[in-house]
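Each remark here refers to the structure printed beneath this line.
The values are calculated or read from the model by the stated rules, or taken from the named source; none is laboratory data. Everything quoted here is computed from the prediction, not taken from an experiment. Every residue, glycine among them, receives a Cβ derived from its backbone with ideal geometry; neighbour counts consider all protein chains shown. For the accessible areas, the whole protein counts, side chains as well, though only heavy atoms, and no ligand, DNA or RNA atoms are used. Shrake-Rupley method; radii C 1.70, N 1.55, O 1.52, S 1.80 Å.
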Amino acid sequence: MARLASCHCLGLELECEGEPAKISLCNCLDCQRRTGSLFSVAAFFPREAVRIVKGEAASFSRSSASGHPVTFHFCGRCGSSLWWAPERMPHLVGVAVGAFADPSFPMPAQAVWTADKHQWLTFPDAIPLHERNPPPKGAASQDCALQKGRNDGSSDPSSVQILPYDPRHFAGVDGLWKTCFPDDPAWNRAAISVADKLQFQPGLLFVAEINGNVAGTAMAGYDGHRGWLYAIAVHPDQQRTGIGTMLVRHAEEILATLGCRKINLQMRAENDRVAAFYRRLGYTAEARISMGKLLKR
Ligand SMILES: [Zn+2]
Ligand SMILES: [Zn+2]
């Protein structure tokens, strides 16, 4: 059985196959702010059971105190958040239960962060309540770990956001690429390749922003057969802080939701440090010869 989750304007649709692994209700203040309502109800599906069938999503990532970011995907036109991907549970995707517009959808198996619950709200006795920390293996704990970090005062105020590229990022991206890829040929400069990317799959160019400044970039592409990663760059002052991992994971998630089964990337053969970075993220060197041809345009 497949269910369809749709945003408010019906421009973005997600098909979810089978039954959710878990349904959880969260009262945390982050969920309240995100939804504009008093709690969020998430149906967690295996990642491979979920695919976009209509529209293109914008996304917003938050880092967490544990260092595991959560990426929220929403309709860029009407703003409804439709699903989110907790990196700490890379096999699951949370889908907004309200987006199914189905009053017969199964009831949540738990309510978490009831410490932040509005006092007049009561839930059925059949739903176990967890005042703060959800059970350790609860899928719903992911976005709420962030809330905990904030309460502890231990989260980093200069939090990283992974955002779709916007023209205001141009100078930052241009400078970053000149710093990180000083030997790149002219056709890889931002003035050319950003403009080209904005003509094709513009939603697959991402920027890591810290306090409004560009700290990193990732470009992805999917041609219906393979996904590709390009221009994974992190400012030298911000390297080894997890931003590169966030960017790669973010691009992987979006490529996966487009139906991509395998991601390829290229790097200079002598770049051992970069190769080690990708190995840590699960990439392996394949015995291939990389060939290219520059087309005259
Ligand atoms: Zn919409
Ligand atoms: Zn929450």
The farthest towards the positive end of the charge dipole of the chain, of the residues 90, 294, 254, given +1 on Cβ of Lys and Arg and -1 on Cβ of Asp and Glu, is 294
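Restricting to Cα atoms and excluding each atom paired with itself, what does the Kirkwood estimate give for segment 191-297 in Å? List each step's numbers first, then the result.
On the way: mean 1/r = 0.0666 Å⁻¹.
15.0 Å is the Kirkwood radius here.
Compute the longest continuous run of the chain that contains no exposed GluC sites (Glu not before Pro); treat a site as exposed when its DSSP state is not H, G, I, E or B and it has at most 13 other Cβ atoms within 10 Å. Please report the intermediate quantities before stating the final value.
Working: sites that count: 131, 270, 286.
Longest gap between qualifying sites, sites excluded: 132-269.
Quote the FRET efficiency, to the nearest 0.05, computed for residue 196 versus residue 225 with a Förster distance R0 of 22 Å and r equal to the Cβ-Cβ distance. Before the final figure, lay out each step's value.
Numbers: r = 20 Å, r/R0 = 0.91.
After rounding to 0.05, the efficiency reads 0.65.
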Between the modelled labels at residue 8 and residue 280 (7 Å from Cα along Cα→Cβ) the distance in nm is 4.0
The answer for the net charge of residues other than residue 97 whose Cβ lies under 12 angstrom from its Cβ, with Lys and Arg +1 and Asp and Glu -1, is +1
At R0 = 35 Å the Cβ-Cβ FRET efficiency linking residue 125 and residue 101, nearest 0.05, sits at 0.85
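Tell me the net charge near residue 219. Cut-off is 14 Å between Cβ atoms, residue 219 excluded, with +1 for each Lys or Arg and -1 for each Asp or Glu. Write down the numbers at each step before the final one.
On the way: positive: 189, 197; negative: 174, 184, 196, 223, 252.
Residues near residue 219 contribute -3 overall.
Any idea of the accessible area per residue across the chain, 1.4 Å probe, to the nearest Å²? Don't skip to the end; give the middle numbers.
Numbers: 15830 Å² over 297 residues.
With all protein chains present, the chain gives 53 Å² per residue.
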Taking N as the number of residues in the chain, the ratio of its alpha carbon radius of gyration to 2.2 N^0.38 Å works out to 1.05
GNM on the chain, Cα springs under 10 Å; top mean-square fluctuation among 221, 55, 244 goes to 55
XL table 54/262; 197/293; 54/117; 54/293; 178/262; 262/296; Cα-Cα > 24 Å flagged, in table order, is 54/117; 54/293; 178/262; 262/296
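Please compute the length gained on full extension between residue 189 and residue 29, using 0.36 nm multiplied by the number of residues separating them and subtracting their Cα-Cα distance. Could the numbers behind the result be given before it?
Details: separation 160, 0.36 × 160 = 57.60 nm, distance 4.18 nm.
Extending this stretch completely gives an extra 53.4 nm.
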Connecting every pair of Cα atoms under 10 Å apart in the chain and solving the GNM, the largest mean-square fluctuation among 271, 188, 213 falls on 271
Over all directions, segment 7-95 yields a Cα convex hull whose mean projected area in nm² is 5.6
Contact order relative to length for the chain, counting C-alpha pairs under 8 Å separated by 6 or more residues, stands in percent at 15
Helix 141-152: inclination vs the chain longest Cα principal axis, degrees, rounded to 10, gives 90
